[in-house]
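Encoded as structure tokens, the structure appears first; notes follow it.
The values are calculated or read from the model by the stated rules, or taken from the named source; none is laboratory data. This one's a predicted model, so the numbers in the text were calculated from it and none came from an experiment. Note that we place each Cβ from the backbone using ideal geometry, even for glycine, and neighbour counts take in every protein chain shown. SASA here: full protein model, heavy atoms, side chains in, ligands and nucleic acids out. Shrake-Rupley method; radii C 1.70, N 1.55, O 1.52, S 1.80 Å.
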Amino acid sequence: MYPHLEHYSDHLSQLRNAALEAVNPATAVKRAISPSDVESAERIFVVGAGKAGVAMTHALAELLGSRLTAGVISVPTLPPYSLENIRFIEGGHPTPTEGSLAAGQAVVNVLSDLHSNDLVIALISGGGSALLEYPRPGLSLEDLHGMTQMLLGCGANIREINQLRICLSQLKGGGLLRLAYPASVLAFILSDVVGNDLGIIASGLTVPAPFSRKTIDSILYKYALHKQLPLHVLHYLEQPADAAEASLPIAPIQNRLIASNRLAGEAACKKARELGFQTNFLGDHWQGEARVVGKSFANMLIEQKSQGPQCFIVGGETTVTVKGQGKGGRNQELALAAAIELAGHSNIVVSTFATDGVDGPTDAAGAIATGNTLERAMQHGLNAEHHLHVNNAYPFFNILNDLITTGPTGTNVNDLLFGLIY
């Protein structure tokens, strides 16, 4: 029996749950580590940052017990418990805070007296760029915060943002490896970056980054940042690290990608097939302006609607160029753009989902749009086009009770976009 339209809310919930279960951080760590990784280490230290930091650290502590000598992990929210020899610090996201700087200094302190037979385990997940910071000399928290805010507001993608962040940091772009030398480093990484570029995830804490003046200049001029940023910030963006820093030895490193958007998307596809849908996974590389992607995705579904019960799943991360003073996030804006296109097509559902449970500066993870969203909105006096124009998707979907609110999920592998045709 084919699934019925009235069950779409339950179907979407099952898809989200299947995706999150596949990228559970604790399970991923336990799956990735082996006894041979740690058997020869005299001392074991753990450092890291990210939205999955609590679960990853808890799993590692369970596995290693008293063998963990010390550690520092920066997370967006402190856990309600403590772990022996491990210090959790509350950093900031999506922009750094004093806590982010405190975490950076604490990591530097932990790595200050290592030996060649020590092992540093780095636990890295999405959000790490803002949560953990140790800026270059002369740079302040205000400098880092200001540049990040500019980039978030102008529609820069995560690759562009993190390439600039690397230039301002002593930890990013492989800086952690210089600090950890002469110990060895083993990094477990959850990807929140399209394409899983390890040098971009959390700004490449354990991935040495070659400086490209051409790349940096193209970003600065693309968003006119060369006219807005202070001169002392531009100084670091326009030249590589000094020769003394560049010549420092780095620790031997093993980087292991242990969970990704594709893994989550494929798990959701499997669940969709179990629910009776013909299922299509369209890749984990979708990017672009949220409203443009939302419109394109909705129109694709409209073209396919005569083909029977189908589920289309997309992974990736869109961006928003902020023009208004509204409230929302990229997933909610994408859903609103889709809702406008879907008007009258009552057999189609679009749902967006930030796998970390947080979409922009809101308590929602995404939203649901159907063919009658606009009709219901008009009954409440809501103008969808206006809300989209001023980046105000959150109150639009909140009034309709169509927000997806999961709370922080404890993981982060980018966004998922679901399209159901009944």
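Every residue, every condition in (1) at pLDDT 95 or above; (2) aromatic (Phe, Trp, Tyr); (3) surrounded by fewer than 22 Cβ atoms within 10 Å (Cβ to Cβ); (4) part of a helix (DSSP H, G or I), yes or no:
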| residue | (1), (2), (3), (4) |
| --- | --- |
| Gly155 | no, no, yes, no |
| Phe188 | yes, yes, no, no |
| Val193 | no, no, no, no |
| Ala202 | yes, no, no, yes |
| Ala241 | no, no, yes, no |
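Scan the stretch 27-68 for residues that are within 17 Å of Asn117 (Cβ to Cβ) and either touching a residue at least 40 places away in the same chain (Cβ under 8 Å) or among the aromatic types (Phe, Trp, Tyr) (or both) and report the count.
Residues that pass the stated criteria total 9.
I'd like to check something: does the stretch 237-257 contain any residue that is without any contact (Cβ under 8 Å) to a residue 12 or more places away in the chain and hydroxyl-bearing (Ser, Thr, Tyr)?
Yes, there is a match, as at least one residue in the stretch 237-257 is without any contact (Cβ under 8 Å) to a residue 12 or more places away in the chain and hydroxyl-bearing (Ser, Thr, Tyr).
Tally time: how many residues in the stretch 337-347 are of a type outside the set (S, T, N, Q) and either surrounded by fewer than 24 Cβ atoms within 10 Å (Cβ to Cβ) or modelled with pLDDT under 95 (or both)?
5
Results for (1) of a type outside the set (Ser, Thr, Tyr); (2) open to solvent by less than 80 Å² (accessible area, probe 1.4 Å); (3) on the phi > 0 side of the Ramachandran plot, shown as yes or no for each residue.
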site: Gly283; (1), (2), (3): yes, yes, yes
site: Val292; (1), (2), (3): yes, no, no
site: Ala298; (1), (2), (3): yes, yes, no
site: Leu301; (1), (2), (3): yes, yes, no
site: Ser306; (1), (2), (3): no, no, no
site: Phe312; (1), (2), (3): yes, yes, no
site: Val320; (1), (2), (3): yes, yes, no
site: Glu333; (1), (2), (3): yes, yes, no
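List the pairs whose first member sits in the stretch 395-409 and is open to solvent by less than 90 Å² (accessible area, probe 1.4 Å), whose second member is part of a strand (DSSP E or B) and among the small types (Gly, Ala, Ser), and whose Cβ atoms are under 6 Å apart, counting only residues at least 6 apart or on separate chains?
Close Cβ pairs (under 6 Å, with a partner that is part of a strand (DSSP E or B) and among the small types (Gly, Ala, Ser)) amount to Phe397/Ala367; Asp402/Ala367; Leu403/Ala367; Ile404/Gly366.
Counting only residues that are of a type in the set (A, V, I, L, M) and touching a helix residue (DSSP H, G or I) at 6+ places or on another chain (Cβ under 6 Å), how many does the stretch 196-224 have?
Summing the residues that are of a type in the set (A, V, I, L, M) and touching a helix residue (DSSP H, G or I) at 6+ places or on another chain (Cβ under 6 Å) in the stretch 196-224 gives 7.
Please give the number of the condition Gln310 fails out of (1) farther than 20 Å from His387 by Cβ; (2) more than 23 Å from the chain's Cα centre (by Cα); (3) at pLDDT below 95.
Answer for Gln310: the failing condition is (3).
Restricting to the stretch 217-229, name every residue that is in a loop (DSSP other than H, G, I, E, B) and either at pLDDT 95 or above or open to solvent by less than 50 Å² (accessible area, probe 1.4 Å) (or both).
Correct list: Tyr223, Ala224, Leu229.
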